[in-house]
Amino acid sequence: HNNLSLFSPEQVELAKMLLDLNQAHLFQHWPEPGVDDDGKRAFFEQVSRLNASYPGGLASYITTARELLADSKTGKNPYDGFSPSVPSGEILTFGDENFIQFENAGVREARKAAFVLVAGGLGERLGYNGIKVALPLESTTGICFLQHYIESILALQEASCKLGQGEGPTEIPLAIMTSDDTHSRTTKLLEENAYFGMKPSQVKLLKQEKVACLDDNDARLAVDPNNKFKIQTKPHGHGDVHSLLYSSGLLKEWLAAGRKWVLFFQDTNGLLFKAIPSALGVSAIKEYHVNSLAVPRKAKEAIGGITRLTHKDGRSMVINVEYNQLDPLLRASGYPDGDMNNETGYSPFPGNINQLIFEIGPYLEELSKTGGSIKEFVNPKYKDSTKTAFKSSTRLECMMQDYPKTLPPSARVGFTVMEAWFAYAPVKNNPEDAAKVPKGNPYHSATSGEMAIYRAHSLILRKVGVKVDDPVQDIFNGQEVDVWPRIAWKPKWGLTFSDIKSKVNGNCSITGRSTIALKGKSIFLQDLALDGALIIDAADGAEVKVGGSVHNAGWTIEKVDFKDTSVPEEVRIRGFKMIKVEQLEKTYKEPGKYSLSPCDK
Ligand code: UGB
């Protein structure tokens with residue numbers, strides 16, 4: 001009964017399309033012409049956006065939804081016909097000869113890489129009110145994840161360009177996928193901090209759109225409970241990154257500029273860049289079209305399992321099976337106990353850390369066929385066993401690691417297993433949930449994320465010959481953790497194992513109560529005996545040799561309860577803060593050669 005002249009011809013077409021898709025209910029509550037006309041036009045603007053941002057438009061979304069909802073109703077197993085087995089991949093041990101070779105190859109290759117950070121998720125499990133990339137990586141330097149990521153890419157860029165002078169790209173671009181939940185805060189963080197030293201033109205933000213919610217098995221779109229002229233929407237998942245890279249033209253641009261690799265990574269893994277150079281080396285040397293990074297996985301840990309799936313008809317693929325599906329798949333395939341640790345104390349299926357490296361050429365070729373659409377899934381919560389009504393609206397979702405599902409068997413899909421201590425320390429769980437994690441499984445909390453960095457740095461320095469004290473156990477926010485000396489460094493100080501090795505000489509030692517932060521490229525430790533806190537900041541061009549005995553009251557760790565709202569949220573979710581009692585702090589702003597060898601102090 002509405003007056004069609006109120007609307008543009010495109011809007012009338014959208015209305016017809018919705019009627020054809022059995023969505024007449026969307027218009028049923030519309031008042032007569034002249035009433036709320038602006039609301040009606042806004043409705044079409046939203047429909048137009050939803051239609052344009054989904055490969056194949058709303059018609060395709062609704063058709064797929066009906067199919068997936070029908071499968072879900074009949075309880076169809078998405079892995080029907082497939083049996084799981086443990087695949088074999090490249091296994092890397094930090095610092096050994098093999099690792100160093102891959103690392104060197106990776107640094108060489110890095111100039112031809114582009115990075116993609118998926119940061120559209122709000123992190124419901126963490127329950128933090130800000131964006132996760134703004135969280136401090138650790139509280140010794142206080143730098144946030146985004147700064148650490150950007151500085152790591154810049155350090156890699158510099159090291160790579162030095163190796164391959166004169167040929168190919170000289171800048172490594174960074175694309176960040178945001179969503180309505182994170183976009184403006186991510187932009188603000190970058191702008192307020194001068195892009196953490198990256199050229200603004202080097203960073204591209206791609207915003208993912210949410211998708212329409214579904215009210216029933218016939219995929220009727222849900223009306224927003226707070227606005228009758230709006231379709232309710234929810235996030236579609238990190239899988240959107242593929243269609244966005246394709247539709248924005250960015251992938252094409254990268255390939256045309258001579259780039260070969262695209263590396264995807266997630267919002268809070270402070271160790272990741274220790275694994276990047278070697279993993280990229282594996283991709284280059286093994287000529288993998290797809291390389292997923294993995295770590296040994298504890299059974300039931302909330303990370304997907306890398307699995308070989310072999311179909312009755314002979315097809316076979318190596319793919320992530322998401323953590324909630326691995327146990328039922330195993331039980332249905334002759335493993336009556338499901339997802340269990342074996343005699344090694346770990347699940348036989350390596351854990352997917354969702355760090356993916358694709359070769360751009362074959363990736364773009366595949367996307368020009370699919371438009372970047374990824375196999376989706378639906379997870380409705382039904383009211384009862386008849387599965388006819390939902391408790392609340394649902395939507396289709398997709399995951400970036402499902403990309404290989406549509407690849408032909410000829411595609412070279414591999415994976416690289418790293419030890420978790422240097423490759424994986426995400427911040428995903430809130431303190432209460434982390435404290436309930438079964439003993440021996442990783443907490444994946446802000447507390448464990450920070451402690452993992454100190455542990456990794458301590459173990460790396462041990463590998464290059466520094467005497468580092470053993471950790472002590474302590475409990476923060478109900479989580480028992482190993483507390484190592486608080487060793488922190490900027491990516492430009494130590495990007496690779498060889499790099500770190502070249503900066504440590506003689507007999508160095510660090511006691512368990514010590515804190516050290518190395519913030520410059522050319523800081524060399526020579527016969528340093530540290531017992532206290534030492535902070536060195538050196539501008540590029542300032543070469544500082546640090547040695548001798550440094551002894552002071554240092555920094556102490558004070559416990560904070562996560563319920564104590566007088567403390568900032570990013571501090572209380574980790575359960576401790578640093579008290580800076582006394583430190584030796586030196587800053588070298590001018591280029592030149594310096595030597596710092598304080599006596600007992
Ligand atoms: N993200 C988006 O950018 N957009 C979205 O719509 C949703 C998320 P979660 P998840 O490595 O620990 C993944 O929520 O999905 C970003 C893998 O699926 O932290 O539960 C978001 O900002 C799983 O196999 O993780 O689990 C974040 O950066 C396992 O590998 C990223 O996507 C697990 O990560 C991941 O989102 C892991």
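The values are calculated or read from the model by the stated rules, or taken from the named source; none is laboratory data. Keep in mind that what you see is a predicted model, and the values were worked out from it rather than measured. So basically every Cβ, Gly included, is an ideal-geometry build from the backbone, and we count neighbours across all protein chains shown. Accessible surface areas use protein heavy atoms only, side chains included; no ligands, DNA or RNA. Shrake-Rupley method; radii C 1.70, N 1.55, O 1.52, S 1.80 Å.
May I ask you to say which residue of Pro328, Pro362, Pro336 is at pLDDT below 95, open to solvent by 10 Å² or more (accessible area, probe 1.4 Å), away from the ligand (no atom under 16 Å from the Cβ) and not in a strand (DSSP E or B)? The unique qualifying residue is Pro336. Just a yes or no: is a residue in the stretch 222-232 closer than 23 Å to Asn22 by Cα, touching a Lys or Arg at 6+ places or on another chain (Cβ under 6 Å) and within 16 Å of the ligand (Cβ to nearest atom)? Among the residues of the stretch 222-232, not one is closer than 23 Å to Asn22 by Cα, touching a Lys or Arg at 6+ places or on another chain (Cβ under 6 Å) and within 16 Å of the ligand (Cβ to nearest atom), which makes the answer no. Residue count for the stretch 386-402 satisfying the condition of being among the polar types (S, T, N, Q) and open to solvent by less than 20 Å² (accessible area, probe 1.4 Å): 3. Applying the condition of being without any contact (Cβ under 8 Å) to a residue 24 or more places away in the chain and within 15 Å of the ligand (Cβ to nearest atom) to the stretch 281-325 and asking which residue is nearest to the chain's Cα centre (by Cα) yields Tyr323. Count of the stretch 269-292 residues, restricted to those that are closer than 12 Å to Ile357 by Cβ, part of a strand (DSSP E or B) and out of contact with any Gly (no Cβ under 6 Å at 6 or more places or on another chain), is 2. Of all the residues in the stretch 65-105, those that are open to solvent by less than 50 Å² (accessible area, probe 1.4 Å) and in contact with a helix residue (DSSP H, G or I) (Cβ under 7 Å, 6 or more places away or on another chain) number 11. If you scan the stretch 67-84, which residues turn out to be hydroxyl-bearing (Ser, Thr, Tyr), away from the ligand (no atom under 16 Å from the Cβ) and assigned to a loop (DSSP other than H, G, I, E, B)? If the condition is that a residue be hydroxyl-bearing (Ser, Thr, Tyr), away from the ligand (no atom under 16 Å from the Cβ) and assigned to a loop (DSSP other than H, G, I, E, B), then Thr74 is the only one that fits. Considering only the stretch 53-64, I want to know if a residue exists there that is open to solvent by 20 Å² or more (accessible area, probe 1.4 Å), aromatic (Phe, Trp, Tyr) and either within 16 Å of the ligand (Cβ to nearest atom) or in contact with a strand residue (DSSP E or B) (Cβ under 6 Å, 6 or more places away or on another chain) (or both). Yes.
Filtering the stretch 396-414 to residues that are in a loop (DSSP other than H, G, I, E, B), away from the ligand (no atom under 16 Å from the Cβ) and within 20 Å of Glu376 (Cα to Cα) leaves Leu407, Pro408. For the stretch 178-213, which residues satisfy the criterion of being within 12 Å of the ligand (Cβ to nearest atom) and of a type outside the set (A, V, I, L, M)? Thr178, Ser179, Asp180, Asp181, Thr182, His183, Thr186, Lys207, Gln208, Glu209, Lys210, listed by residue number. Within the stretch 288-295, one or more residues are open to solvent by 10 Å² or more (accessible area, probe 1.4 Å) and not hydroxyl-bearing (Ser, Thr, Tyr). On inspection, Ala175 qualifies as within 16 Å of the ligand (Cβ to nearest atom) and among the small types (Gly, Ala, Ser).
Identify, please: which residue in the stretch 133-168 is among the β-branched types (Val, Ile, Thr) and in a loop (DSSP other than H, G, I, E, B) and is, among those, nearest to the chain's Cα centre (by Cα)? In this case the residue turns out to be Ile143. What are the residues in the stretch 298-317 that are of a type in the set (A, V, I, L, M, F, W, C) and either assigned to a loop (DSSP other than H, G, I, E, B) or more than 19 Å from Gly345 (Cβ to Cβ) (or both), if any? Within the stretch 298-317, Ala299, Ala302, Ile303, Leu309, Met317 meet the criteria.
Quick check on the stretch 85-105. Is at least one of its residues out of contact with any Pro (no Cβ under 8 Å at 6 or more places or on another chain), of a type in the set (Ser, Thr, Tyr), within 16 Å of the ligand (Cβ to nearest atom) and in a loop (DSSP other than H, G, I, E, B)? Scanning the stretch 85-105, I find no residue that is out of contact with any Pro (no Cβ under 8 Å at 6 or more places or on another chain), of a type in the set (Ser, Thr, Tyr), within 16 Å of the ligand (Cβ to nearest atom) and in a loop (DSSP other than H, G, I, E, B), so the answer is no.
Would you mind finding the one in Gly465, Gly440 that is over 26 Å from Asp499 (Cβ atoms) and in a loop (DSSP other than H, G, I, E, B)? Answer to the selection: Gly440.
Sub-7 Å Cβ pairs linking a first residue in the stretch 369-394 that is free of Cβ contacts under 8 Å to residues at least 40 places away in the same chain and at negative phi to a second residue that is assigned to a loop (DSSP other than H, G, I, E, B) and open to solvent by 70 Å² or more (accessible area, probe 1.4 Å), at least 6 apart or interchain, are Lys391/Lys381; Lys391/Lys383; Ser392/Lys381, ordered by first then second residue.
In the stretch 106-132, of all residues being in a helix (DSSP H, G or I) and open to solvent by less than 20 Å² (accessible area, probe 1.4 Å), the one that is nearest to the ligand (Cβ to nearest atom) corresponds to Lys132. Taken over the stretch 509-532, the criterion of being assigned to a loop (DSSP other than H, G, I, E, B) and open to solvent by 10 Å² or more (accessible area, probe 1.4 Å) is satisfied by Thr511, Gly512, Arg513, Lys519, Lys521, Ser522. Of the residues making up the stretch 76-100, those that are free of Cβ contacts under 8 Å to residues at least 60 places away in the same chain and over 25 Å from Ser316 (Cβ atoms) are Asp96, Glu97, Asn98. Taking the listed residues Ala553, Ala488, Ala538, Ala452, the one that is surrounded by 22 or more Cβ atoms within 10 Å (Cβ to Cβ), over 24 Å from the mean Cα position of the chain (by Cα) and in contact (Cβ under 8 Å) with a residue 24 or more places away in the chain is Ala538, with no other qualifying.
Name the single residue, out of those in the stretch 244-268 being open to solvent by less than 10 Å² (accessible area, probe 1.4 Å) and either closer than 30 Å to Ile487 by Cα or in a loop (DSSP other than H, G, I, E, B) (or both), that is farthest from the ligand (Cβ to nearest atom). Result: Leu263.
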